[in-house]
Each structure stands twice: as C-alpha cells, then as structure tokens.
Amino acid sequence: MDEKSFPAPWRHAWLLSLVAVVSCSSDDLPFVSGPLPEPSLATPYKGCTIVSVSPAEALPPHSDGAGGQGGRRAMLRHEADCLPDAGPPSDWYQPYRIAFEQEFTEVRQYPGGVDTWVGGETRFLDDSAGPNRQVQAAAEGMGKNCAVLLEKLQAEAAPCISSIDPDTGRQFQAAIDDFRGKLNFHISANGETQLAAIRMGRDQFCLEHWRMVQRQLEGRFDGCVVK
C-alpha cells in the first residue's frame with residue numbers, strides 16, 4: 001500500500017498517530033493504582049466477631065526517606081460484637097458493639113513479586129475528638145456484664161449460701177457490698193468507642209475477680225455458684 005492510497009488529510013493524520021506511538025515510552029504511560037484492601041482482610045480484635053466492614057479508604061503514602069513516596073496505605077474500619085476476655089463466656093453475657101480501625105500497607109514480598117496488602121494491628125476507632133463525658137463507675141461506667149453478675153450474686157448466690165451457712169452468707173454479702181462501695185468514683189471518656197472499651201475492660205476485671213471469689217465456694221457451696 002503506497003501513500004497514494006490515502007487522501008491527503010487522512011495521510012497526514014496517520015503519520016501523526018504513528019509518530020505519537022513511536023515517541024511514547026513506558027515512563028509516559030499513566031500509573032493505574034490497584035484495588036484497595038478487600039473487606040475480607042479485616043482482622044477481628046480478640047474476643048470480637050466482625051459484623052460489618054466499611055469500604056477501604058486510601059491514606060497518604062509514607063515517605064521513602066529520600067523525598068519520594070513509599071508504598072500505598074489504606075484504612076479499613078469495621079464494627080464488631082465483643083465479649084470481655086475473661087475466660088469461657090456464660091450464656092447470659094451481653095456483647096458490646098464497638099468500632100475498630102486497621103491500617104494496611106501495600107508491600108512487595110520479594111523482587112519481581114506481586115504487591116500485596118499487609119494489615120497492621122486492629123485498634124479501637126479513634127474518636128477522641130468526641131465530647132468528653134463523666135460517667136459514674138457504679139452505673140454506666142460499670143461493665144454491663146459486671147452489673148448483671150452482681151445482681152445474680154445478690155439475688156441467687158447470697159441467699160443460697162446463707163441457707164447452708166448463715167455466717168458464710170453474711171461474709172459473702174459483705175464482699176458484695178464492699179465491691180459496690182469501691183465503685184464510688186467517676187470515669188472520663190471521650191467518644192462512645194472509648195467508653196465501650198473502658199466498660200469492657202471493667203467487665204473483664206469484675207468477672208475475673210468474682211470467678212476467683214466463687215472458686216472458694218466449690219465443694220459445700222458448689223450449687224450456689226453463678227456460672
């Protein structure tokens with residue numbers, strides 16, 4: 001095919017496009033980012049079950065130390081139902097719905113390999129900019145499972161122990177009253193996530209404490225133990 005086969009205007013356009021293709025190098029090609037982390041990559045916090053994951057959000061890349069940009073970063077946020085880490089859970093435990101976040105970095109495992117997303121530590125969502133709240137440790141600041149346990153100890157365990165041995169029953173009731181008396185203070189929290197984390201932590205302390213106390217009842221008072 002010679003140049004006479006093309007009308008003059010088409011021949012001119014064809015030559016321009018040929019020049020553009022020849023002059024284009026790999027450095028001139030636009031960079032196309034790969035996909036952000038999939039929701040399935042979210043890692044649950046200990047004692048938690050993920051119930052929903054928000055789409056990943058791109059974060060500014062780290063500096064490579066030489067004035068350039070390092071690997072890509074992204075953030076995954078999710079909500080989870082969490083139980084206090086205090087041994088095997090009882091069937092009456094109530095979960096906390098808590099928000100979490102996890103940062104991911106895109107890395108290449110070996111030269112010539114494929115870039116993959118590597119997740120960091122799963123942490124409580126930072127809502128520290130939220131309004132500060134003062135809550136009573138004996139009320140809202142108490143872990144909700146601790147509150148349920150104290151009611152069960154008061155209504156079930158104490159009468160059961162007293163029916164077997166009144167002196168031991170009075171000692172047990174005094175221990176409950178002493179525990180409640182030590183909750184006469186306030187807790188400061190910024191945001192609902194921080195408050196939920198504090199309450200779950202107080203749950204853990206309370207449940208572990210009373211599990212240790214009730215362990216002393218095994219044997220004669222075994223039927224009075226709240227499990």
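The values are calculated or read from the model by the stated rules, or taken from the named source; none is laboratory data. Keep in mind the model is a prediction, meaning the values are calculated, not measured. Backbone-built Cβ (ideal geometry, glycine too); neighbour counts: all protein chains shown. Ligands, DNA and RNA are excluded from the accessible area calculation, which covers all protein heavy atoms including side chains. Shrake-Rupley method; radii C 1.70, N 1.55, O 1.52, S 1.80 Å.
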Residues (surrounded by fewer than 19 Cβ atoms within 10 Å (Cβ to Cβ) and among the charged types (D, E, K, R)) located in the range 184-201: GLU192
The range 198-217 residues that are charged (D, E, K, R), paired with ones that are at pLDDT below 95 and exposed (fewer than 15 other Cβ atoms within 10 Å of the Cβ) (beta carbon under 7 Å, 6 or more apart): ARG211/GLY87
Top-ranked residue of the range 105-133 - restricted to ones that are charged (D, E, K, R) and assigned to a loop (DSSP other than H, G, I, E, B), ranked as surrounded by the fewest Cβ atoms within 10 Å (Cβ to Cβ): GLU121
Test: residue in the range 205-216 that is within 20 Å of the chain's Cα centre (by Cα), surrounded by 14 or more Cβ atoms within 10 Å (Cβ to Cβ) and closer than 28 Å to ALA99 by Cα: no
Residue ID - most open to solvent (accessible area, probe 1.4 Å), chosen from residues in the range 154-183 that are closer than 16 Å to CYS206 by Cα, without any contact (Cβ under 8 Å) to a residue 12 or more places away in the chain and not small (Gly, Ala, Ser): LYS182
Options ASP167, ASP127; residue that is out of contact with any helix residue (DSSP H, G or I) (no Cβ under 7 Å at 6 or more places or on another chain) and not polar (S, T, N, Q): ASP167
Some residue of the range 172-194 being at pLDDT below 95, β-branched (Val, Ile, Thr) and out of contact with any helix residue (DSSP H, G or I) (no Cβ under 9 Å at 6 or more places or on another chain): yes
Number of positions in the range 71-100 that are part of a strand (DSSP E or B), more than 18 Å from VAL51 (Cβ to Cβ) and open to solvent by 10 Å² or more (accessible area, probe 1.4 Å): 2
Where a residue in the range 134-151 is open to solvent by less than 10 Å² (accessible area, probe 1.4 Å) and its partner, wherever it lies, is assigned to a strand (DSSP E or B), with Cβ under 6 Å and at least six apart: VAL135/ILE187; ALA137/ILE187; GLY141/VAL135; GLY141/ILE187
Residues that are modelled with pLDDT of 90 or more and under 17 Å from MET200 (Cβ atoms), drawn from the range 121-134: THR122, ARG123, PHE124, LEU125
